[in-house]
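The values are calculated or read from the model by the stated rules, or taken from the named source; none is laboratory data. Predicted model only: the values in this text are computed from it and were never measured. Cβ placement follows ideal geometry from the backbone for every residue including glycine, while neighbour counts extend to all protein chains displayed.
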Number of protein chains: 2
Amino acid sequence: MTDTSLDPRSQPATVDAMGGAAPIFRGVRRALAARGFASLTEFRLASGRRADVLAMDEAGTVVIVEVKSGVPDFRSDQKWHEYRDWCDAFYFAVDDGFPTELIPGDCGLMVADAYGAEVLREPPASRLAPARRRTLILRAALMGAARLHRIEDPLFSQSQPTV
Amino acid sequence: MTDTSLDPRSQPATVDAMGGAAPIFRGVRRALAARGFASLTEFRLASGRRADVLAMDEAGTVVIVEVKSGVPDFRSDQKWHEYRDWCDAFYFAVDDGFPTELIPGDCGLMVADAYGAEVLREPPASRLAPARRRTLILRAALMGAARLHRIEDPLFSQSQPTV
């Protein structure tokens, strides 16, 4: 597999790697779970871009949430609009100190703390093409399973020969 | 969600729960990974049956492997044939002390140890209907993400209110 995101050795986001964004990630994932969405962090899209949080529900709805730890983090990201091509609903998630007027009005907006998140604005309705939805969900299934395998069998390396 | 298999509190297989089958599980998952298949253990199908190992590759091929720790375990399972309706390829996996002549000739067969597995017999070709394949892969994506969430945020319980 040439896509390292499907490699069980690739690292999912850790609290250390997320820095100040870790509480926002946690709250966002909890809020998504409460709405029936299972989420993965650091999801690499076929475009090469990495979504902070990708979530899916039992209907196959795909949500992407981009976490912004502060204004500099937001201003340095010029490519967030590309995420909208890879989901049914796109949200920014910030903490309650963030000046939310900076967030474009045509994006969803969540305000999160470490325990949950509130949706301040739903994004405009959009709908993935069926083929892209299938591809995203398959990638999510492979990525989740590979990450679990790495956790459940930490001594395994793909480079080891198997019989 | 009424399906407890998608509940992040539901337990994936642990070494303790698997008993003598744990080395077979480990070897099977390693061998599947070497073939490009990401795997989940204890995958609950929509039928209610639980597959020991469900694996998928980048083409969306779905494999189920039923692990048998010994002859009594094999003889006590009268319903293995139901798994064949939920995958493209069905295998039994046993260790090298198992009398493989007991395994039905129309099933795939792997012989595993803790480090890998060898496919002694490929199963007959079959092909899932597209709708069932999509459903299985979506369930796998949700289950994998929910299990990772439970690991990555162990204090989270779905019963806790979020904002």
Among the numbered criteria (1) among the hydrophobic types (A, V, I, L, M, F, W, C); (2) without any contact (Cβ under 8 Å) to a residue 60 or more places away in the chain; (3) under 30 Å from A:A59 (Cβ atoms), which one does B:M143 miss? (2)
Condition (residue is surrounded by 13 or more Cβ atoms within 10 Å (Cβ to Cβ), within 14 Å of chain B (Cβ to nearest Cβ) and under 22 Å from A:R44 (Cα atoms)) applied to the range A:70-80: is it met by at least one residue? no
Pick out the one residue from B:R121, B:R127, B:R139 that is closer than 30 Å to A:L32 by Cβ and among the basic types (K, R). B:R139
The lone condition B:L128 fails out of (1) more than 14 Å from chain A (Cβ to nearest Cβ); (2) more than 24 Å from B:G20 (Cα to Cα) is (1)
Counting only residues that are modelled with pLDDT under 95 and of a type in the set (F, W, Y), give me the strands (runs of 3 or more DSSP E) lying completely in the range B:61-123 with at least 1 of them. none
For A:A59, are the conditions met, namely being more than 22 Å from A:R35 (Cβ to Cβ), within 14 Å of chain B (Cβ to nearest Cβ) and surrounded by fewer than 15 Cβ atoms within 10 Å (Cβ to Cβ)? no
Every residue from the range A:26-40 that is more than 15 Å from A:L136 (Cβ to Cβ) and either in contact with an Asp or Glu (Cβ under 7 Å, 6 or more places away or on another chain) or facing another protein chain (nearest Cβ under 7 Å) (or both): A:R26, A:G27, A:R29, A:R30, A:A31, A:A33, A:A34, A:G36
Give the number of residues within the range B:23-41 that are of a type outside the set (A, V, I, L, M, F, W, C) and either farther than 18 Å from B:A114 by Cα or in a helix (DSSP H, G or I) (or both). 6
Hey, among A:R26, A:R49, which residue is among the basic types (K, R), out of contact with any His (no Cβ under 6 Å at 6 or more places or on another chain), at pLDDT below 95 and more than 23 Å from B:L40 (Cα to Cα)? A:R49
Only one of (1) free of Cβ contacts under 8 Å to residues at least 12 places away in the same chain; (2) in a loop (DSSP other than H, G, I, E, B) is not met by B:S47, so which one is it? (1)
